[in-house]
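Engineer: Before I ask anything, here is the structure I am working with.
We did not get these values from a lab; they are worked out from the coordinates using the rules stated. Predicted model only: the values in this text are computed from it and were never measured. Note that each Cβ is placed from the backbone with ideal geometry, even for glycine, and that neighbours are counted across all protein chains shown.
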Amino acid sequence: MRLRRKQIALWTALALLSVTGLAACGGGGTTVAGGGSGGTGIVAIGSMTKGSVKANNVHFVASSTAKIRQEDNGVIVEVQATAANEDRLLRDGMTVKVKGRINDNPATAEVEGEFDKVKPEPEARGRMELKHTGNNGIDDFFVNGRHVFTDDNTAFEDRSVSGTFTTITFDNLSNTQKVEVHGGLDDLGNIRATRVERRNDDPIDGIKGSVSGLVPGTSFTLTYDATSFTVTYSGATVTPAGASVANGSFVEVYGAFTPGTPPTFAATKVHIEDLEDIEFEPAEGQEQRVEGYVSGYSNDLHNFLVGDTPVDASSATFVGGSALDLANGVKVEAEGHHSAGKLIARKVEFKRGRIVLEGTPTIGSGTVTVAGKVAVTTSLTRNTYTSGRMRVRGYEDKGGAIVAERLEDAGGGGGKDVIQARVTATNGSSNLALLGTTYTAAAGAVYQDVNNSVISSTAFFAAVVPKSSTNPGTLVKIKFNPGTTSYEEAELEN
């Protein structure tokens, strides 16, 4: 479904450009692949933090003519990117589309960039329903029929009628309140929220999806992954001018959602999303970065999706994990260049450093203990474990808890326990602190590099950097006998 969205975007955009002359108002957004003044042209999509716009590992500041494109209540407005407008329209946790440039020779690890246009891209606006306080910090609710999950990385704010913002928590939200949700869809169709904003200004409902079952001028079925319902749009305004709704179009509809069995949506405005956002489509060879959840992955690094972007990571370097950690439902950022409809990735970075535990499990209520470490399970944990040794795949949250994303059969494993995690401390010669425990080298311990080639202990520890405020820490994997803290193998993972 989402791959088809990109294909349709290219076909229909070319057709509409030839009919309506939209190329004239594209702002050159897809023609800066050669770099231009000050750096290399880039298009990117990801969640942001303020100051000015920090997204996709790039700190973007506004160019002298930069615009912020706001699409609210079905009305599209572009305003100058002043400090006041940035503070009002670009908030922590928002998903944004960016076009601009990046520094060809960054002097720091944080790549500096300059944006010409940025557009906030919420997934849904509507009334909160079925609010549920979940287990281990994974809370959820529904909006316009979409299932939304929040976690320790979700930003919560209240927007007053006058447009001022106040920090709130999930507990401050209530059913029937209007909310705006930013985030990404995972491979099961859940919205994994990076931002939930309570909207006291009572915006009209908005939701995205693909069109099928079209009755021209009257109704269609709107589908996004697992959710679908009927949209009536008689008399609705369709934009951009000259466009029409067609089967396969990816659209955002504005109007009124009515829950029920089945739910319905009465649209007053229909935006053909890919045509509205054609200037954010990358040109051939252009720098491209995208953050999102992996889907369509079947152990083929040449073909999978990050969000709705096709990616080829067959030649990529993996950061925060290895290619073995790639799986559907895992959040990553891919960066590289656009070629023949794909992002050809030179780097794939896991947004949460991959933790792996292997060993004989002790299963509790909401927890599993493997390799001496306790991992919490949540409503999002995927469990295919049957018996014997267990492999836990997950991450460490902000509070230091190990959150299990997957429970799998681990096979024999030679009877060794396994831990993969970031190093938090080392004595530089034999000790490795992982997940709060210091492990010491056994006699004859074997060390390996990222290519599984045996290296000396000196070379291994020279490559290890402990976690700090400025460094996420080197990811390593160790193997040791159950019940001990003496490792027999240690391997660099990134």
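Engineer: Using the per-residue mean of other Cβ atoms lying within 10 Å as a proxy for protection, in what order, highest first, do the peptides 180-192, 447-459 fall? Present the calculation step by step, with values, prior to reporting the outcome.
Structural biologist: Working: 180-192: 22.0, 447-459: 12.7.
Averaged packing, sorted descending, gives the order 180-192, 447-459.
Engineer: Calculate how steeply helix 2-20 sits against the longest principal axis of the alpha-carbon atoms of the chain, using the helix alpha-carbon long axis, and give the answer as 0 to 90 degrees to the nearest 10.
Structural biologist: Compared with the principal axis, the helix lies near 30 degrees.
Engineer: Sorted from fewest to most neighbouring beta carbons within 10 Å, what does the list Asp92, Asp274 look like?
Structural biologist: Numbers: Asp92 18, Asp274 23.
Least crowded to most crowded, the residues run Asp92, Asp274.
Engineer: Follow-up. Quick check on the chain: helices-only [θ] at 222 nm, where DSSP H runs of length 4 and up contribute -39,500 (n - 2.57) each and the sum goes over total residues. Nearest 500, please. Before the final figure, lay out the partial values.
Structural biologist: Working: 4 runs with 36 residues, N = 494.
Value at 222 nm, helices only: -2000 deg cm²/dmol.
Engineer: Follow-up question, since we're still on this one. Order 318-326, 255-263 from most to least packed using the mean count of other Cβ atoms within 10 Å. Please list the in-between numbers first.
Structural biologist: Values: 318-326: 19.2, 255-263: 13.7.
Packing order, densest peptide first, comes out as 318-326, 255-263.
Engineer: Can you give me the relative contact order of the chain as a percent, contacts being Cα pairs under 8 Å and 6 or more apart?
Structural biologist: Values: 1264 pairs, mean separation 52.3, N = 494.
Computed over the chain, the figure is 11 percent.
Engineer: In region 370-414, which trypsin sites (Lys or Arg not before Pro) fall in coil by DSSP and have 11 or fewer other Cβ atoms within 10 Å? Mind showing how you got there, number by number?
Structural biologist: Values: sites: Lys373, Arg382, Arg389, Arg391, Arg393, Lys398, Arg406; in loops: Arg389, Lys398.
Passing sites in region 370-414 are Lys398.
Engineer: Can you put Asp87, Asp308 in order of Cβ neighbours within 10 angstrom, beginning with the fewest? Write down the numbers at each step before the final one.
Structural biologist: Values: Asp87 13, Asp308 20.
If I rank by nearby Cβ atoms, fewest first, I get Asp87, Asp308.
Engineer: Please compute the net charge surrounding Arg289, taking Lys and Arg as +1 and Asp and Glu as -1 over other residues with Cβ under 13 Å from its Cβ.
Structural biologist: +2
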